[in-house]
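Visitor: Starting off with a structure, shown below.
The values are calculated or read from the model by the stated rules, or taken from the named source; none is laboratory data. In this text, all values refer to a predicted model and were calculated from it rather than measured experimentally. Please note: Cβ atoms are built from the backbone with ideal geometry, for glycine as well, and neighbour counts cover all protein chains shown.
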Amino acid sequence: MSMDLTTSPDPGNLAEATELHRYAEALIVSLAADGTAPGLPPGIADVPGYWLGPAVEALVLILSGKDALEPLALANELDERRTALFLCLALAVCGHGDRIHASWLGTAFGDLSEDNPVTPGQRALWLAAARGAYGPVGKIFVLRKLDAVDVPPTDDRWLKALVPGLPETSVPASLEPFPELAKVAEIERSLRASATLRRLRERCTEITSTRQAGEVTRVVRGTVWAEDEPLAVLRALAGQGGQEGPLSSLTGHLLQDLASDADLHLAALALHVAAPAVRAAAESLVEVVREPPPDTLDVPILGYPIRLRPEGPDQESMAAAEQLLVTECVPNRTRPWPGYVLLVLAVGVVVAGFVVSLPLALVGLLIAAVGAHLLWRHRVREHSDVRYVQTRAGKLTDLADKAVWALHEYARESEERASDAARDLTEVSTLLRRGPRAA
């Protein structure tokens with residue numbers, strides 16, 4: 001069971017502890033700055049019943065290489081867990097985490113549980129160990145504590161933490177002439193799974209990549225700790241800060257540590273814990289990528305729904321599309337009655353002209369010419385409509401045939417994508433087995 005150890009108990013006579021608190025503040029500043037401890041004034045640690053005095057004295061003796069058993073025993077007697085937490089964090093901050101006793105880490109850390117929030121002290125030790133403050137043993141210790149997290153393989157929160165949002169998918173080369181095919185649900189799902197798996201592999205590589213030896217074996221001194229939990233917890237233990245409430249749940253911290261902007265040392269530990277779910281997610285993505293393209297696809301071509309099959313466009317859908325094409329592209333024209341009327345009238349006028357007067361016959365011929373022109377214009381429009389429909393129908397057939405060939409080419413590309421996905425899965429599995437490189 002864990003408890004918040006960041007708030008020091010009442011030392012009894014606050015006036016007696018004032019100088020001790022001032023010295024502890026100066027000590028923390030000095031440790032973070034250059035890893036040294038200022039001299040301990042005589043009698044400053046003699047605050048009856050207060051664990052901080054002998055703990056500070058023990059820390060100064062440890063840093064100077066002297067025997068600290070006596071003050072350490074007294075501090076443990078007064079408050080063993082706070083003493084252990086103070087010493088573990090103080091030695092980590094100044095880069096001497098290798099001087100802690102193996103039992104101190106267990107005493108200070110306590111137990112982690114899904115049911116209890118993570119305390120600031122636990123999170124500070126977690127961070128220090130992840131950064132290598134206590135060497136490989138410290139990392140292994142924290143990893144064993146994190147085993148308290150039950151990670152079901154079907155939990156997709158871990159994949160979403162590693163690869164947030166929907167990945168951008170590019171149109172494959174085979175479908176570039178028909179980018180609308182890439183929006184077909186089955187094809188888009190496969191392309192997105194391939195892109196997600198690739199991003200997952202890149203993120204796992206980033207997290208588990210080998211860092212410089214100094215980054216994983218020794219905590220960097222100086223400002224690297226300026227705003228981190230270890231210093232804040234140390235100040236609270238030394239009576240310089242208020243009570244720190246629980247930060248988050250255990251799973252909440254692990255998911256946060258996998259975010260793209262998280263510390264890679266913490267991400268390595270979180271990835272190790274989440275490995276079962278991450279591996280299962282990668283395997284599921286590979287299965288999606290391996291799914292063969294559907295045998296039948298309904299896609300819009302020139303705005304008309306066409307069913308594509310491996311052997312070619314479906315003839316029924318093509319016939320229906322051509323019928324729609326005729327309906328939409330050919331206007332409902334009436335017969336050229338004005339032209340017919342003018343021709344009939346012209347015949348009558350010409351006959352009357354030959355009987356009555358020759359100029360009247362010439363007027364009849366003029367009326368006949370106008371009627372013939374109207375009939376000719378109507379016929380030209382009809383031929384234009386037919387040519388337009390034939391052109392559109394030919395283009396529709398040509399595009400449908402090309403779309404079928406594009407799908408055949410996409411199927412061949414799918415085999416290459418499946419091979420790439422298998423390699424990504426193998427690499428992800430290797431990275432997960434490699435773990436946080438604790439050893």
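Visitor: Please list, ordered by first then second residue, the pairs with beta carbon atoms under 6 Å, 6 or more apart or interchain, first in region 160-180 and at positive phi, second surrounded by 11 or more Cβ atoms within 10 Å (Cβ to Cβ).
Guide: Nothing qualifies.
Visitor: Just one of G353, G348 is small (G, A, S), more than 30 Å from P167 (Cα to Cα), at pLDDT below 70 and in contact with a Gly (Cβ under 6 Å, 6 or more places away or on another chain); which is it?
Guide: Within the list G353, G348, the selection yields G353.
Visitor: Taking the criterion of being surrounded by 14 or more Cβ atoms within 10 Å (Cβ to Cβ), at pLDDT below 90, hydrophobic (A, V, I, L, M, F, W, C) and closer than 17 Å to Q122 by Cβ, would at least one residue in region 177-192 satisfy it?
Guide: Taking every residue of region 177-192 in turn, none turns out to be surrounded by 14 or more Cβ atoms within 10 Å (Cβ to Cβ), at pLDDT below 90, hydrophobic (A, V, I, L, M, F, W, C) and closer than 17 Å to Q122 by Cβ.
Visitor: If a residue has to be of a type in the set (D, E, K, R), more than 14 Å from L297 (Cβ to Cβ) and assigned to a helix (DSSP H, G or I) to count, how many in region 175-204 make the cut?
Guide: Of the residues in that region, 6 qualify.
Visitor: Would you be able to tell me the number of residues in region 97-106 that are more than 35 Å from the chain's Cα centre (by Cα) and crowded, with 18+ Cβ neighbours inside 10 Å?
Guide: Of the residues in that region, 2 qualify.
Visitor: Got a number for residues in region 68-89 being modelled with pLDDT of 90 or more and either β-branched (V, I, T) or outside any helix (DSSP H, G or I) (or both)?
Guide: 1
Visitor: Next question. If I go through region 155-170 residue by residue, how many of them are buried (at least 16 other Cβ atoms within 10 Å of the Cβ) and assigned to a loop (DSSP other than H, G, I, E, B)?
Guide: Qualifying residue count, region 155-170: 4.
Visitor: Continuing with the same structure: Which residues, taken from region 115-154, are touching a Pro at 6+ places or on another chain (Cβ under 9 Å) and assigned to a loop (DSSP other than H, G, I, E, B)?
Guide: Those that are touching a Pro at 6+ places or on another chain (Cβ under 9 Å) and assigned to a loop (DSSP other than H, G, I, E, B): N116, P117, T119, A133, V151, P152, P153.
Visitor: Suppose the filter is modelled with pLDDT of 80 or more, more than 19 Å from P230 (Cα to Cα) and of a type in the set (G, A, S); does G49 pass it? Quick ask: steps written out before the conclusion?
Guide: Numbers: modelled with pLDDT of 80 or more: yes; more than 19 Å from P230 (Cα to Cα): yes; of a type in the set (G, A, S): yes.
Yes, satisfied.
Visitor: Which of the residues belonging to region 270-310 are surrounded by fewer than 16 Cβ atoms within 10 Å (Cβ to Cβ), of a type outside the set (S, T, N, Q) and without any contact (Cβ under 8 Å) to a residue 40 or more places away in the chain?
Guide: E287, D295, D298, G303, P305 - these are the residues of region 270-310 that are surrounded by fewer than 16 Cβ atoms within 10 Å (Cβ to Cβ), of a type outside the set (S, T, N, Q) and without any contact (Cβ under 8 Å) to a residue 40 or more places away in the chain.
Visitor: Is it the case, given these coordinates, that L52 is farther than 19 Å from R235 by Cβ and either crowded, with 17+ Cβ neighbours inside 10 Å or of a type in the set (F, W, Y) (or both)?
Guide: no
Yes/no per residue for (1) closer than 17 Å to L20 by Cβ; (2) among the aliphatic types (A, V, I, L, M):
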residue	(1), (2)
G43	yes, no
P48	yes, no
P54	yes, no
L59	yes, yes
L63	no, yes
A75	yes, yes
E80	no, no
A84	no, yes
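Visitor: Given the criteria at pLDDT below 90, closer than 21 Å to E229 by Cα and surrounded by 15 or more Cβ atoms within 10 Å (Cβ to Cβ), does A37 qualify?
Guide: yes
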